[in-house]
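Report on the following structure.
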Amino acid sequence: MHHPSTGVITVTRDIEAPAQAVWDVLADGWFYATWVVGASRVRDVDHEWPAEGARIHHSVGVWPTVLSDTTHVVRCTEPTELVLKARGWPVGEAKVVLTVTPGSDLSCTVAMAEDAVAGPGTLLPRPLRQLAIGPRNAEALRRLAYIAEGRHRERVAGR
């Protein structure tokens with residue numbers, strides 16, 4: 001979905017797991033590099049994650065050219081919204097908004113919107129930035145769904 005007023009694309013995905021199962025993945029910062037496209041590893045997670053101001057210390061890129069930086073929580077409304085400021089200098093910083101909307105007891109919809117907010121990444125016109133961000137976020141939500149659905153199946157099976 002494209003928001004004409006802001007020019008930011010919001011990618012959504014229906015997930016066959018309860019909203020809490022998705023939130024549990026988002027709330028575990030050690031999973032960050034598993035579902036965030038471009039993040040290659042997590043070095044540390046603040047104990048307060050995902051509370052406002054808490055940080056994930058991550059790296060981006062492919063070894064041996066990885067850059068270490070952080071992502072911090074701007075706003076957390078558990079279990080429905082997580083707003084992050086992701087840093088990836090020298091490219092810059094991005095604001096990421098994740099929204100989890102419960103469907104049934106066994107499903108939910110996750111929405112993800114992102115745009116550059118600081119640094120050289122903002123020099124690229126927003127429509128061009130969004131051409132790259134939209135597909136990347138669709139893949140991120142695919143990965144998030146696989147983790148949440150798989151963990152939920154394991155819990156239901158009692159494993």
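Key figures for this structure:
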{"item": "Percent carbon-and-sulfur accessible area, region 1-155, ignoring ligands, DNA and RNA, probe 1.4 Å", "result": "59"}
{"item": "J(HN,Hα) series, region 40-54, from Karplus relation 6.51 cos²θ - 1.76 cosθ + 1.60, nearest Hz, glycine and proline x", "result": "9, 6, 10, 9, 6, 9, 4, 4, 7, 3, x, 5, 3, x, 5"}
{"item": "Principal-axis tilt of helix 126-156 within the chain, Cα atoms, nearest 10 degrees", "result": "20"}
{"item": "Lys/Arg +1, Asp/Glu -1 at C-beta; region 7-159 dipole; positive extreme among LEU98, GLN130, GLY150", "result": "GLN130"}
{"item": "Per-residue ³J(HN,Hα) for region 56-68, Karplus 6.51 cos²θ - 1.76 cosθ + 1.60, θ = phi - 60°, Hz, x for Gly and Pro", "result": "10, 9, 10, 10, 10, x, 10, 4, x, 9, 9, 10, 9"}
{"item": "Hz values of 3J(HN,Hα) by residue in region 72-81 - Karplus curve (6.51, -1.76, 1.60), Gly and Pro given as x", "result": "10, 7, 8, 8, 9, 10, 5, x, 10, 8"}
{"item": "Global geometry of region 18-62, whether rounded, prolate or oblate, following the gyration tensor of its Cα atoms and the 1.5 cut on a/c", "result": "oblate"}
{"item": "For HIS58, distant residues with modelled amide H under 5 Å away", "result": "ARG43, ASP69, THR70, THR71"}
{"item": "THR10 long-range amide H proximity, modeled H, under 5 Å", "result": "HIS2, HIS3"}
{"item": "Region 49-133: C-alpha gyration tensor shape, a/c 1.5 cut-off, then a/b vs b/c", "result": "prolate"}
{"item": "Average accessible surface area per residue within region 9-112, 1.4 Å rolling probe, Å²", "result": "48"}
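The values are calculated or read from the model by the stated rules, or taken from the named source; none is laboratory data. Since this is a predicted model, take the numbers as computed values, not measurements. Positions of Cβ are backbone-derived with ideal geometry, glycine not excepted, and every protein chain shown enters the neighbour counts. These area figures cover heavy atoms from the full protein model, side chains too; ligands, DNA and RNA do not enter into them. Shrake-Rupley method; radii C 1.70, N 1.55, O 1.52, S 1.80 Å.
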